[in-house]
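Comments concern the structure below.
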Amino acid sequence: MAEKLGDRYNPADVESRTYQWWESSGFFKAQDQSTKPPFCIILPPPNVTGFLHMGHALDHTIQDLLIRWKRMSGFNALWLPGTDHAGIATQMVVEREIKKENLTRHQMGRANFEERIWQWKNQYGDRITQQMRRLGDSCDWDRNTFTLDEGVSKAVRKVFASLYKKGWIYRGQRLVNWSGPLETAISDLEVEHKQVKGALYHIKYPLENSSEFLTVATTRPETLLGDTAVCVHPEDERYKHLVGKNVILPLINRKIKIIADEYVDKEFGSGVVKITPAHDFNDYKIGKAHKLEMINILNKKTELNENAGPYQGLKVAEARKKVLEDLKTLQLLVKEEPHVHSVGHCSRSGAVVEPFLSEQWFVKAEMLAIPARRAVESGTIRFEPESWTKVYLHWMSIIEDWCISRQLWWGHRIPAWFCDDCEHITVAETAVDHCEKCQSKKIHQDEDVLDTWFSSALWPFSTMGWPEDTETQKTFYPTNTLVTGHDIIFFWVARMIMMGLEFKRDVPFRTVYIHGLVRDSQGRKMSKSLGNSVDPVEMIDKHGADALRFTLLAHLYSGKDLKFSEQRLESYRNFMNKIWNAARFSLTHLEDFQTPAAGVKAIPVRSEISVFDQWILFKLGEVEKRIEENFEKERYSDAANNLYQFIWHEFCDWYIELIKPILTGNNPQERAATQLVLAQVMNRFIRLLHPFCPFISEEIYQKLPIKDKACIIDQYPNPRIDKELLALGSAQAEMEIDLVKEVVTAIRNIRGENRLSPAVKLHARFGVSDETTQKIIGNNRTAIMTLARLEDFQVGEDGNLSKCAVAQVAIKNYRVKVILPLEGLVNFDEEIKRIEKTVEKLQKDINILNQKLSNEKFVANADEDVIAADRVLLEQSRSQITSLQEALIRFQN
């Protein structure tokens, strides 16, 4: 027997209750030892400070879709969750907290400050994991890992020590991105480039022992205090004779060399550039190549230091203003002109990022990159979409040493101890109390912590118990699929590959699935400044998690950005309501259904089921096949849309309507057979829906007359396991009922076009020439009459078409001309005017489309999808005009 559903679907009532039941029942758990084949995804760990945003919602929905599909497909499926300690972000949050108490971290001391952060983490750290549960993430929460857990910390120390002993980690002075307010190096990912309205300043550099000068243009005049050369192109005839001579550095009066390098673009500006190796990344490379002195003019707070002479102590903006004033006084400022340029800003503090020469720890990435390149070139790791392979390989071919130290207190402290006596550095996996070289007890640990990306690079195996040899690693490493955005391919994906190959001698995953960004409905990036950010938790509160998930999955096209709108989300909320109402109707008509002992394997007798049952079973077989193919090909939006089409347009709109007379009729044998088909089809499509919409599917599943313990652990339908049931489907029945659908749809369209009330019962003629088609129409007379709301219809010759609406329908070789006499139903004069106006508008549209598509520039630059859509629209408009012109002739006769 079936159980009843409530009148309306209420996500808030269902979601929390269902999730708690799943979690407490252990349905999310994977086994370290199992006879099932393993499937594993590691969750990209969100920041412990974070809130779920739309990027997370998309990323997590894809992963949960895969995990639920694989779990239902008989795999030992592990989705391994965790959170990142987020060094800078977390430290900033707590520093803001203690600032309210008029405290700084330096006043508190390191140990007390770290303790305060741990208190904050323990209080707020599970906020984002609770939000993940709201979305439906079916992670194995017993394995939830934090990047500062002791197990991960042990792995971090081992990797650092191993690479140091190998000579692949070193301490040295290099140029890094520096945030003054935070007083730390930051990664490229934490640098946001903004277009800034500035100026280009043209400055005279006097030649030594000459009244002549070279003119140099710069956007950062204050950095000239650290110039150690000016540079020209070696082939520039204007300056060849000056190479090797000196200029006098303005304001500082220091002699600096004129050098030649092909880096200079002789066509840009004066063809002379200033070289400041300690404050510009390109200049740093030139400085290294030409062995130039590197003069750092900034301190850690990004104020000018002792090397800046009279400008010492000024902030950068103040120094710029003073330098320009002094250059004007000395008549060395030729001109300044408006100039818009890209300036890096710290994503955490908002301050301008300064290239800063600093003593830091680095990883020699070149040797680690060689096997990481090969793993992708050989196909051992595959990117989807494949276009990201070239991007990855390009990055790996130009890889530079990786700065891994940060001047923070929150994070993995660098396991290096400096000897105060002999200056030797001791690196070890565990704390040491003496220098390994001179045995002195006067040692102190490095104050810096490691870049958070360092611990994240070990995530696929550090979360599984490495460096211990665990059963988890034996079963689940390498993992299967990594789902992530393209912005962290280099920062995270590449580094996981490098570390996995170095320490596990195997890749960390086989497939990297790259998705696009979630943008607003206008295609703009979501941001606070634009006020277009969308809170996924708020969307879940309003519309339910399933509607949000399906919205994201239905528009997930290979690597492309996704446009999100609440209007679209509302349409998928309507889809959830449609499913609920269809289930309510079905379960109402299954109340007296006796669940067969064979359960899900029960099948009706072929001779007892209707052509409508045969049709829906054929359609079910088709959708099972398409969904399986699209899952295997990673076309998840196609799978979602296959399911949407089947549930809404085939099951709800047609099958339910077609079988109503059987369910309410007085043939018990036919009714019982249709009830069994209805129960089995419901069971299948609810299971098909589960990975996409887990909450509503589980709620309905529990009310079905044919079910197992839980939808989440039931089998995922496919044509092989449903072979016997699907064999009752019929290709012939599919063609017959599809033809009936087209005939009914044509009549409904004519009603709409001619504004005829649904209450008006119409007379129709069906122009059919062959006997087979006539027989199909005759056999389905009741269905056509009922669904099209006809008084009567005749089948045969076309007859007189004057004052008739006509529509031609065809399914394969079956053709029907649908003819509706309109005499007495419409005002033909008004209809003729309406049609003429429509034809006129369509002709204008066609002219515009023809102009666009004949414009070579438009065709060359426009997106392929846009061009294809315009061509389809052109053909449709031409076809529509032809039909309307034919209608005009009929209406005028």
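The values are calculated or read from the model by the stated rules, or taken from the named source; none is laboratory data. Small disclaimer: the values here were computed from a predicted structure and weren't measured. Don't worry about glycine lacking a Cβ; one is built from the backbone with ideal geometry, like all the others, and counts go over all protein chains shown. Heads up: the accessible areas ignore ligands, DNA and RNA and are worked out on the full protein's heavy atoms, side chains in. Shrake-Rupley method; radii C 1.70, N 1.55, O 1.52, S 1.80 Å.
Summing +1 for each Lys or Arg and -1 for each Asp or Glu, what net charge is found among the other residues whose Cβ lies under 10 Å from the Cβ of Ala639?
Counting the neighbours of Ala639, the net charge comes to -2.
Viscosity 1.567 mPa s, temperature 4 °C: give me the Stokes-Einstein translational D for segment 472-535 in µm²/s, with Rh taken as the Kirkwood radius over C-alpha pairs. Intermediate results must be reported in sequence, preceding the final value.
Working: Rh = 14.0 Å.
After rounding, the answer is 93 µm²/s.
Sorted by packing (mean other beta-carbon atoms within 10 Å per residue), highest first, where do 612-623, 123-134, 327-338, 357-368 land? Let's see the in-between values first.
Numbers: 612-623: 24.1, 123-134: 16.7, 327-338: 13.1, 357-368: 18.5.
Final packing ranking: 612-623, 357-368, 123-134, 327-338.
Rank-order 452-462, 341-351 by packing density, defined as the average count of other C-beta atoms within 10 Å over each peptide's residues, highest first. Please list the in-between numbers first.
On the way: 452-462: 25.1, 341-351: 15.6.
The packing order, highest mean first, is 452-462, 341-351.
Would you work out what percent of the accessible area of the chain, with all protein chains in place, is carbon or sulfur (probe 1.4 Å)?
The computed percentage sits at 47.
For segment 545-699, what is the accessible area per residue in Å² when the probe is 1.4 Å? Intermediate results must be reported in sequence, preceding the final value.
Details: 5410 Å² over 155 residues.
In whole numbers, segment 545-699 has 35 Å² accessible per residue.
In nm, to one decimal, how far is the Lys291 label point from the Ala111 one, both placed 7 Å along Cα→Cβ?
5.0
Would you work out the relative contact order for the chain, in percent, from Cα pairs under 8 angstrom that are 6 or more residues apart? Write out the running numbers ahead of the final one.
On the way: 1495 pairs, mean separation 114.9, N = 893.
Reported relative contact order: 13 percent.
Cα-based Rg of segment 525-645 per 2.2 N^0.38 Å, rounded to two decimals? Walk me through the intermediate numbers first.
Numbers: Rg = 19.2 Å, N = 121, 2.2 N^0.38 = 13.6 Å.
Dividing the Cα Rg of segment 525-645 by 2.2 N^0.38 Å gives 1.41.
Before anything else, pin down the relative contact order of segment 656-791: Cα pairs under 8 Å, at least 6 apart, normalised by residue count, whole percent. Spell out each step's value before the answer.
Values: 78 pairs, mean separation 24.0, N = 136.
Reported as a whole number, the value is 18 percent.
At q = 0.12, 0.24 Å⁻¹, what log₁₀ I(q)/I(0) does segment 70-171 have when each alpha carbon counts as one equal point scatterer in the Debye sum?
Rounded to two decimals, the profile gives -0.63, -1.22.
With the cut-off at 58 Å, report for the chain the share of all Cα pairs above it, as a whole percent. Spell out each step's value before the answer.
Details: 109662 of 398278 pairs.
So the portion of pairs separated by more than 58 Å is 28 percent.
Under the rule of at least 5 residues apart or a separate chain, name every residue whose amide H is placed under 5 Å from the amide H of Val483.
For Val483, whose amide H was placed from the backbone, the distant partners under 5 Å are Tyr513.
Can you compute the FRET efficiency between Asn800 and Arg755 using 1/(1 + (r/R0)^6), with r the Cβ-Cβ distance and R0 = 22 Å? Round to the nearest 0.05. Could the numbers behind the result be given before it?
Working: r = 24 Å, r/R0 = 1.07.
In this case the efficiency is close to 0.40.
Pull out the extension gain between Val334 and Asp792, defined as 0.36 nm times the separation in residues minus the alpha carbon to alpha carbon distance; nm, one decimal.
Working: separation 458, 0.36 × 458 = 164.88 nm, distance 9.25 nm.
Contour length minus Cα-Cα distance gives 155.6 nm.
Count charges around Pro38 for me, please; just the other residues with Cβ under 13 Å from its Cβ, Lys/Arg as +1, Asp/Glu as -1.
Values: positive: Lys36, Lys70, Arg71, Lys474, Arg510; negative: Asp32, Asp140, Glu471.
Neighbourhood net charge equals +2.
Once you place label points 7 Å from the Cα toward the Cβ at Cys438 and Glu538, how far apart are they in nm?
About 6.2 nm, to one decimal.
When the Cα atoms of segment 224-317 are enclosed in a convex hull and the volume is divided per residue, what value in Å³ results? Intermediate results must be reported in sequence, preceding the final value.
Values: hull volume 9.7 nm³, N = 94.
Each residue corresponds to 103 Å³ of Cα convex hull volume.
Rounded, prolate or oblate, given the Cα gyration tensor of segment 641-771, with a/c below 1.5 counting as rounded?
Details: a/c = 2.06, a/b = 1.80, b/c = 1.14.
Judged from the Cα gyration tensor, segment 641-771 comes out prolate (a/c at least 1.5, a/b above b/c).
How many angstrom lie between the C-alpha centres of segment 568-627 and segment 760-809?
Cα centroid of segment 568-627 versus Cα centroid of segment 760-809: 29 Å apart.
Going by amide H atoms built from the backbone, whose H comes under 5 Å of the H on Asp561, apart from near neighbours?
HN-HN under 5 Å from Asp561: Leu517.
For Glu366 paired with Ser571, estimate the spin-label separation in nm (one decimal), with each label point 7 Å from Cα along the Cα-to-Cβ line.
5.4
Quick one: in segment 22-78, what % of C-alpha pairs are over 19 Å apart?
Values: 617 of 1596 pairs.
When all Cα pairs of segment 22-78 are counted, 39 percent exceed 19 Å.
Hey, with R₀ at 45 Å, roughly what FRET efficiency would Lys300 and Asp863 work out to, going by the Cβ-Cβ distance, to 0.05? It would help to have the intermediate numbers written out before the result.
Numbers: r = 48 Å, r/R0 = 1.06.
Efficiency at R0 = 45 Å is approximately 0.40.
Averaged per residue, what accessible area in Å² does segment 384-497 show with a 1.4 Å probe, protein chains only? Write out the running numbers ahead of the final one.
Values: 4430 Å² over 114 residues.
That works out to 39 Å² for each residue.
What's the local net charge at Val611, with K and R +1, D and E -1, over the other residues with C-beta under 10 Å away? Before the final figure, lay out each step's value.
Values: positive: none; negative: Asp613, Glu734, Glu736.
Net local charge, Val611 excluded: -3.
Please sort 824-833, 688-697, 502-511, 478-487 by packing, taking for each peptide the average over its residues of neighbouring beta carbons within 10 angstrom, highest first. Don't jump to the answer; show the numbers that get you there.
Details: 824-833: 12.8, 688-697: 25.8, 502-511: 17.3, 478-487: 19.8.
Those peptides, ordered most packed to least, come out 688-697, 478-487, 502-511, 824-833.
Note down the Stokes-Einstein diffusion coefficient of segment 673-735 in µm²/s, whole number, using a Kirkwood radius over alpha carbon pairs, 25 °C, and 0.890 mPa s.
Values: Rh = 12.5 Å.
Translational diffusion coefficient: 196 µm²/s.
Do you know the Lys pair count in segment 792-885 for C-alpha distances under 22 Å, with sequence separation 8 or more or different chains?
Details: Lys803/Lys817; Lys803/Lys833; Lys803/Lys837; Lys833/Lys841; Lys833/Lys844; Lys841/Lys852; Lys844/Lys852; Lys844/Lys857.
Qualifying lysine pairs in segment 792-885: 8.
How high is the FRET efficiency from Lys166 to Arg8, r the C-beta distance, R0 60 Å, rounded to 0.05?
Values: r = 64 Å, r/R0 = 1.06.
Efficiency, rounded to the nearest 0.05: 0.40.
Would segment 312-466 count as rounded, prolate or oblate if I go by the C-alpha gyration tensor, calling it rounded below 1.5 in a/c and otherwise prolate when a/b exceeds b/c, oblate otherwise?
Numbers: a/c = 2.68, a/b = 1.24, b/c = 2.16.
Cα axes put segment 312-466 in the oblate bin.
Excluding residues fewer than 8 places away in the same chain, name every one of the lysines whose C-alpha is closer than 25 Å to that of Lys70.
Counting by Cα, and skipping residues close in sequence, Lys70 has these lysines nearby: Lys29, Lys36, Lys474, Lys560, Lys601, Lys619, Lys625, Lys633, Lys703, Lys707, Lys709, Lys723.
Work out, step by step, the length gained on full extension between Gln195 and Glu591: first 0.36 nm times the residue separation, then minus their alpha carbon distance; give nm to one decimal. Could you put the intermediate results ahead of the total?
On the way: separation 396, 0.36 × 396 = 142.56 nm, distance 6.59 nm.
So the chain would gain 136.0 nm between Gln195 and Glu591.
Expressed in nm to one decimal, what extension gain is obtained for the pair Glu235 and Glu471 from 0.36 nm per residue of sequence separation less their Cα-Cα distance?
Values: separation 236, 0.36 × 236 = 84.96 nm, distance 6.41 nm.
Answer, rounded to one decimal: 78.6 nm.
Near Lys158, which lysines are there with a Cα under 16 Å away, not counting those fewer than 8 places off in the same chain?
Lys166, Lys504
Are there cysteines in the chain with no other Cys C-beta under 4.7 Å, and if so, which?
Cys40, Cys139, Cys231, Cys346, Cys403, Cys652, Cys693, Cys711, Cys804
Residue-wise, which Karplus ³J(HN,Hα) couplings in Hz belong to segment 693-701, taking 6.51 cos²θ - 1.76 cosθ + 1.60, θ = phi - 60°, and x for glycine or proline?
Per residue, the Karplus-derived 3J(HN,Hα) values read 10, x, 6, 5, 5, 5, 4, 5, 3 Hz.
Please report the spacing between the Cα centers of segment 184-255 and segment 333-390 in Å, no decimals.
The two parts, judged by their Cα centres, are 24 Å apart.
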